[in-house]
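The values are calculated or read from the model by the stated rules, or taken from the named source; none is laboratory data. What you see is a predicted model; the values in this text were computed from it and never measured. Cβ coordinates were reconstructed from backbone atoms using ideal geometry, including for glycine residues, and neighbour counts include every protein chain displayed. What goes into the accessible areas is simple: the full protein's heavy atoms, side chains included, and nothing from ligands, DNA or RNA. Shrake-Rupley method; radii C 1.70, N 1.55, O 1.52, S 1.80 Å.
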Amino acid sequence: MTHTLSTLRAGAAALLFGASVLTAAAQPMPATIDEPVTIRFYNYNLAGAGIGKDATVEMIDSFMAANPKITVEGIPTPAPDVISIVQADVIAGNGPDIAQIIFADFSYAAENFGVPALEDIVPAEELAGHFGGLFPRGLELGRLDGKTYGLAYVFSTPVLFYNADLFRAAGLNPDAPPRTWDEVGVAANAITKATGKPGLLTGIFGPSSYDWLYQGFVKSNGGSVMSEDRKTLTFGGTESIEALTMMRGLAQSGAMPNSTSADSIEAMSTGNAGMFLITSAVQAVLLKGAKDKFELRSAPMPTFGDKPATPTNSGSALMIMTQDPVKQRAAWELMKHLTSDYGYNIITSKIGYVPLRQSTVESEEFLAPFLRDNPVMSPNIAQLQSLTPWQSFPGPNYRQIMTTMMTAAEQAVFGEGDIATLMTDAQANAQPLLP
Amino acid sequence: MTALATSSIPRRKAWLRRQPLAPWLYLAPALVLLVIWIYGPLAYAFWLSFHEWNMLPTAPRRYVGLLNYERLIRLPDMKAALWNTGIYLIGLLPLTVILPVAIAILTNELSGRWRDLYRALIFVPLIIAPVAAAAVWRWMLNVDFGIVNMALRGMGLSAVDFLKDGDTAIWTIIWITGWKLIGFSTLVISASLSNINPALIEAARMDGGTEWQITRRIRLPLLSPTIFLLVLLTILLGAQWSFAYIHVLTQGGPLGSTSNVYYLLWQFGFGSLAAGWASAAGMLLFVGFGVVAAGLIWLMNRASFHDN
Amino acid sequence: MTTDAKPRRPGDWTAHAVMIPLAFISVFPVWWMLVTSLRPLAEIYSPLPWPAAMTLENYSYATGVIPVWTMLANTMIFSIISTALQLLTAVLAAYGFARWRFFGDRVLFALVAMTWLVPFQVVMIPNYVLIAQMGLVDTLTALVLPNMASAFAILLLVQAMRSFPVEVIDAAHMDGASHWRILWRILVPNLRAPLAALSILLFISAWNEYFWPLLLTRSEDKTVIQIGIQMFLTEEGSQWGPLMAVSTLACLPVLVIYLVLQRQVIDSFVKAGLR
């Protein structure tokens, strides 16, 4: 009898011990912040001087006002160098607590910087409460292997801006913008013939574009860049080659010159280009340039015939990078604040990015009036329903994979040589770079 | 007449005894600093180049032998980049050596005010930030609203898309890089020029020599160490100097026609912090140009001529 | 020995004929930068070589959104200290190379020259970790520390010192002057031209540094002006007017340094005799 009891007691003790070990390992964050805490927020909007910075400062200030015990130290890190600076600091033992990471680097950051999955640190109810109301496709952007490592923060979808005046000059109807790539081709050629100006420019190529728009482009033809299990590269597939062939036709007809982002933005904003497929984030600059000079309008990303549009997101996600539970709570509170209705309202109306919440879009308190006044934004918002994630390559060589793919694609569109060979060769070269 | 030297007839015992300690003391500060900040990290990078690791303490580190080097050398764009590098270096030399020598000598004999004015004006490109210089040239060369093309059209010629045309893009970048550096070389050469004993020049003039003869027989030989230094500098650093402009203006395009070995290695090696790639890229640049440097310095030591 | 009054020579006309277009080409783009900075936003891309409607709005905007004066001050301090230290270590090291022949001097010389070839990105992270371990991230000291020696300066000064007439040195040596005294009392005062030229160039090199300050500084008011300039290149498009305004402001200190020092570069042929 005693033997069984002591066994039972030992068993119970073991269970309790095991349970406490489990809870210690999961280390959920405290429910509230009771002591003052400082968190370091690495952010690239702060590293610019303009609308992005002002809006970010406003949001951080309102957060600190609402959470007096939390101090947010905003650390400006220019966008092309975010990942280098974050990495350097993690190596030096002084990494960020929360950072704004561009999606190209998302997988790398999740793998290497000690990013906890939100499901692991946030109580399930609280998580569901915050996630409810976010576009499910938007949530998907921050997911890897079924877990959420970050929340999409400032991002946008590709928009086809067009110059209504040049449309009219070419005999096109600006109220019926091209919907498919074939129609775009026709329009672009018409504009170039009538006005001598480039009919179409895109922000697909160039180092600051990474591969986000390229992914959207090939995916809308049914192509892909890598397999679902992220173990095989597929960017040399037939659908991609088809899409590239179409684009080469445009380039060779003279309607689409190879232009850098900076040149393209300038050309469009000075009325020297017919159409421009680019992130909606540049609309403020384009609108300023168009003011009193020409009429700027926008249309959704073109499709390939009847195939569904797959607008990919650009931009960045917020990722928590601290192991300290108290700081995790503080960072999570900041994350909630920045991805709330209030946050997205500012991000959209003041910087020009896209909101992840339908409630923000419809609410009179937030975005509804702004969207009415700014019809240029509407294709962007509409495309949220079909948002497709910008996938980041896994492993330490992800950047090299992306560069290999984009170099080949640019050669395919603007250069010579058999497109299929170019892309399959590049794919074969890049495949060993996967982990 | 030899330059500064302590002895010309070494004997074994005397040689050893006379090995001076003093130069090492003078060299110590610089050497210590270079070892800490450059050679130390370089040795670390050398070791890193044989691994695949991103330097994070939590990340796994894999020994991969020469894999990083292989991957870089086999890059499809490597051949074109190497070829372009040659073009960059040859194209820069007129702007960083020949023209500045001409400017320094031509202005040297002008009256003080003109000389100072011209030299100051030639120097101006150096004071402007590289990113601003790149932007300004981009606008001036723009095919739609650029003033250079407007002038070309005004003269009845057709506009040239300087930075987007595969044939002209590299020469445009070379021009901008060189433009920025003319003042730098002119300054260095002026400094050397002013060290030439005017008595030599006067004597030659009195002997009836023409300006050109004086330049050829006196100035150029005495300037030759400085000229070699500038040639060395251009060849070793030309690819790096053009980086800022390539990066801002063409990003290696159109289609790699403005890329060079430094830019390519930057794209693949330094773009991310996959340290194995970066270190291997750095070692390739270091060793590659090191060989070139060694050759040139040997040449320089052979051919230098000092005024004594 | 100044040469302000010189008889006109026929070669002068060649000189002017060559220099005038060159001077124009050198200055015109910088003029363009200045003009753009004075243009209102709507006219930024105008091809006119002068501002049709001059405005200071770019300047007031730029100085309002970023701490321009602080950044300029930081850059100034960093550049001056950097230059001074690089000159000091270079003078000492060049003396070591130029004055003595010793075992291993060629190899050492080559090693010094080779440090030029080490791309910044290779040494960037280990240097950064070292600085971080010293707790110096985001400080001025950290900006200066890796920049205290310059291979270019050493090489230039070696060459300048080697062309110094050895008789003067020998004479001083025989009179009992120590190496140290010879360096500072005889050699350096007569190397004003290369030292002045070098100061200008090292200053500019420090002034234009971008990557190392980028890696090191974490706050706006500790950073340098190059970072400030590039803050106007944002993900949402670039603000060229303010960028050109800050660039113009950034030119001024450099121009001043040049004007002050350039006189030293001219006509400082070595004066014979001891001091």
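Quick check on the stretch B:200-219. Is at least one of its residues among the polar types (S, T, N, Q), part of a helix (DSSP H, G or I), in contact with a helix residue (DSSP H, G or I) (Cβ under 7 Å, 6 or more places away or on another chain) and within 23 Å of residue C:123 (Cα to Cα)? Scanning the stretch B:200-219 turns up no residue that is among the polar types (S, T, N, Q), part of a helix (DSSP H, G or I), in contact with a helix residue (DSSP H, G or I) (Cβ under 7 Å, 6 or more places away or on another chain) and within 23 Å of residue C:123 (Cα to Cα).
Among the numbered conditions (1) surrounded by 19 or more Cβ atoms within 10 Å (Cβ to Cβ); (2) in contact with a Ser or Thr (Cβ under 7 Å, 6 or more places away or on another chain), the only one that residue A:370 does not meet is (1).
Okay, residues lined up against (1) free of Cβ contacts under 8 Å to residues at least 12 places away in the same chain; (2) in contact with a helix residue (DSSP H, G or I) (Cβ under 8 Å, 6 or more places away or on another chain):
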| position | (1), (2) |
| --- | --- |
| C:14 | yes, yes |
| C:17 | yes, no |
| C:21 | yes, no |
| C:41 | no, yes |
| C:62 | no, yes |
| C:70 | no, yes |
| C:73 | yes, no |
| C:77 | no, yes |
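Among the residues making up the stretch A:296-342, those that are under 19 Å from residue A:187 (Cβ atoms) and among the hydroxyl-bearing types (Ser, Thr, Tyr) are A:298, A:303. Note on the stretch C:166-201: residues that are open to solvent by less than 40 Å² (accessible area, probe 1.4 Å) and over 28 Å from the mean Cα position of the chain (by Cα) amount to 5. If you check residue A:323 against the conditions, is it open to solvent by 10 Å² or more (accessible area, probe 1.4 Å) and part of a loop (DSSP other than H, G, I, E, B)? The answer is yes for residue A:323. Taking the stretch C:93-141 as the range and being over 26 Å from residue B:47 (Cα atoms), within 9 Å of chain B (Cβ to nearest Cβ) and among the aliphatic types (A, V, I, L, M) as the test, the residues that pass are C:93, C:94, C:98. The residue that is modelled with the highest pLDDT, counting only those in the stretch A:299-309 that are within 19 Å of the chain's Cα centre (by Cα) and open to solvent by 20 Å² or more (accessible area, probe 1.4 Å), is A:300.
Sort through C:237, C:241 and tell me the only one that's modelled with pLDDT of 90 or more and not basic (Lys, Arg).
C:241
Against the test of being surrounded by fewer than 16 Cβ atoms within 10 Å (Cβ to Cβ) and in a helix (DSSP H, G or I), the options C:26, C:60 yield a single qualifying residue, C:60.
The set of residues from the stretch C:41-54 being open to solvent by 30 Å² or more (accessible area, probe 1.4 Å) and either in contact with a Ser or Thr (Cβ under 8 Å, 6 or more places away or on another chain) or not aliphatic (A, V, I, L, M) (or both) comprises C:43, C:45, C:47, C:49, C:50, C:52. Checked against (1) open to solvent by less than 20 Å² (accessible area, probe 1.4 Å); (2) of a type outside the set (Val, Ile, Thr); (3) more than 10 Å from chain C (Cβ to nearest Cβ); (4) free of Cβ contacts under 8 Å to residues at least 40 places away in the same chain, residue B:156 passes all but a single condition, namely (1).
For every residue, the table says whether it meets (1) assigned to a helix (DSSP H, G or I); (2) in contact with a strand residue (DSSP E or B) (Cβ under 7 Å, 6 or more places away or on another chain); (3) of a type in the set (Phe, Trp, Tyr); (4) closer than 18 Å to residue C:251 by Cα.
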| residue | (1), (2), (3), (4) |
| --- | --- |
| C:13 | yes, no, yes, no |
| C:22 | yes, no, no, no |
| C:31 | yes, no, yes, yes |
| C:46 | no, no, no, no |
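Out of all the residues in the stretch C:115-138, is one or more touching a Lys or Arg at 6+ places or on another chain (Cβ under 8 Å) and more than 19 Å from residue C:87 (Cβ to Cβ)?
Scanning the stretch C:115-138 turns up at least one residue that is touching a Lys or Arg at 6+ places or on another chain (Cβ under 8 Å) and more than 19 Å from residue C:87 (Cβ to Cβ).
Tell me, which residue of the stretch C:147-162 that is of a type outside the set (A, V, I, L, M, F, W, C) and either facing chain B (nearest Cβ under 7 Å) or closer than 17 Å to residue A:92 by Cα (or both) is most open to solvent (accessible area, probe 1.4 Å)? Once the filter is applied, the top-ranked residue is C:162. All conditions but one from (1) part of a helix (DSSP H, G or I); (2) touching a Lys or Arg at 6+ places or on another chain (Cβ under 8 Å) apply to residue A:380; the one that does not is (2). When the stretch A:198-222 is filtered for residues that are open to solvent by 10 Å² or more (accessible area, probe 1.4 Å) and either more than 19 Å from residue A:398 (Cβ to Cβ) or assigned to a loop (DSSP other than H, G, I, E, B) (or both), the ones remaining, listed by number, are A:198, A:202, A:205, A:206, A:210, A:222. Filter the stretch C:128-146 for residues that are open to solvent by less than 30 Å² (accessible area, probe 1.4 Å) and touching a residue at least 60 places away in the same chain (Cβ under 8 Å) and give the result. The answer is C:128, C:131, C:138, C:142, C:143, C:144, C:146.
Against the list (1) more than 7 Å from every other protein chain (Cβ to nearest Cβ); (2) open to solvent by 10 Å² or more (accessible area, probe 1.4 Å); (3) over 30 Å from residue B:229 (Cα atoms), the condition residue B:149 fails is (2).
Only residues that are more than 10 Å from every other protein chain (Cβ to nearest Cβ) and closer than 23 Å to residue B:191 by Cβ were counted in the stretch C:163-182, giving 2.
Would you please name the residue that is modelled with the highest pLDDT, looking only at residues in the stretch B:291-307 that are open to solvent by 10 Å² or more (accessible area, probe 1.4 Å) and at the interface with another protein chain (Cβ under 7 Å from one of its Cβ atoms)? Looking at residues that are open to solvent by 10 Å² or more (accessible area, probe 1.4 Å) and at the interface with another protein chain (Cβ under 7 Å from one of its Cβ atoms), I get B:294. Considering the stretch B:14-91, the qualifying helices (runs of 4 or more DSSP H), each wholly inside and each with 3 or more residues that are within 7 Å of chain C (Cβ to nearest Cβ) and among the hydrophobic types (A, V, I, L, M, F, W, C), run over B:22-34. For the stretch C:218-231, a tally of residues being more than 9 Å from chain A (Cβ to nearest Cβ) and open to solvent by less than 20 Å² (accessible area, probe 1.4 Å) returns 4. Scanning the stretch A:208-248 for residues that are of a type in the set (D, E, K, R) and either within 14 Å of another protein chain (Cβ to nearest Cβ) or more than 21 Å from the chain's Cα centre (by Cα) (or both) turns up A:211, A:231, A:239, A:242, A:248. Of all the criteria given as (1) under 28 Å from residue B:225 (Cβ atoms); (2) facing another protein chain (nearest Cβ under 7 Å); (3) without any contact (Cβ under 8 Å) to a residue 24 or more places away in the chain; (4) part of a helix (DSSP H, G or I), the one not satisfied by residue B:110 is (4). State whether the residues of the stretch A:157-164 include one that is surrounded by 24 or more Cβ atoms within 10 Å (Cβ to Cβ) and out of contact with any Leu (no Cβ under 7 Å at 6 or more places or on another chain). Yes, that holds for at least one residue.
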